[in-house]
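Just below is one structure, and these are the notes that go with it.
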Amino acid sequence: MAATRRAEHTEDTRAALLEAARELFTERGYAGTGTEQIVQRARLTRGALYHHFSSKEDLFRTLLEEVESELIGRLVGEGAPGADVLEQFRNGCQKFLDASLEPTVNRIMLVDGPAVLGWETWRDLELAYGFGLLREYLELVIEAGLLEDQPVDPLAHLLVGAINEAAMLIAHADDPAVAREQAGRALDRLLLGLRR
């Protein structure tokens, strides 16, 4: 019984730290947020923070993975209606671009993610979460005869690059809404151009 309570307390502490970090990193960015602010917002001690995370960067990376996982789960859960699997794929890509306008996704995944973790580490995380879903959709589109039969991995890498760059364009734009509309149209034209 005591071990169960301790495990619950440990999980609650970790969750509180991640929630406080999510709020602060979204509001102020990684550079504008200190560990003292995180522990104060979570109403915990610095010792609790370092018990669960080796550094502020470790906390950020864990949070980034959480945000990535939630986004992919949401995209899969909501689905993307369409007359055929290619249209569903196109609509799913548009939903990802819509998500890039959300403050948490924008700031944590797209602005601070590459800056804090470095491009290579950030890219590896992006591939770990979104690449499998993208690859799966492409296989379905090819099986449906809507794209030329071809090796999926090279096409998936090219498209994940295009989609991520479109999201980055939106995240760094002076007018994100205009950038979202323009990037969405350009991405859709690109995907339509692949149709068999």
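Where a number appears in this text, it was derived from the coordinates with a stated rule and is not lab data. Just so you know, these numbers come straight off a predicted model, no measurement behind them. Virtual Cβ from ideal backbone geometry, glycine too; neighbours counted across all protein chains shown.
Order by neighbour count: LEU49, LEU190, LEU158, LEU97, fewest other Cβ atoms within 10 Å first, most last.
So the ranking, lowest neighbour count to highest, is LEU158, LEU190, LEU97, LEU49.
Which order results if THR33, THR10 are arranged by neighbouring Cβ count within 10 Å, fewest first? The partial results should precede the final answer.
On the way: THR33 22, THR10 13.
Final ranking by Cβ density, sparse to dense: THR10, THR33.
Taking the dipole about the Cα centre of the chain, with the C-beta of Lys and Arg at +1 and of Asp and Glu at -1, give me whichever of HIS157, VAL111, ALA144 is farthest to the positive side.
Going by the charge dipole, the pick is VAL111.
What ranking do ARG196, ARG90 get, fewest neighbouring Cβ atoms within 10 angstrom at the top?
Least crowded to most crowded, the residues run ARG196, ARG90.
Cβ under 12 Å from GLN182's Cβ, GLN182 left aside: what net charge do those residues give with Lys, Arg +1 and Asp, Glu -1? Mind showing how you got there, number by number?
Working: positive: ARG180, ARG185, ARG189; negative: ASP175, GLU181, ASP188.
Cβ neighbours under 12 Å give a net charge of 0.
Taking the 0 to 90 degree range and rounding to the nearest ten, how far is the long axis of helix 132-143 tilted relative to the main principal axis of the chain, both from C-alpha atoms?
20 degrees
Gap in Å between the Cα centre of the range 94-137 and the Cα centre of the range 57-71?
10 Å
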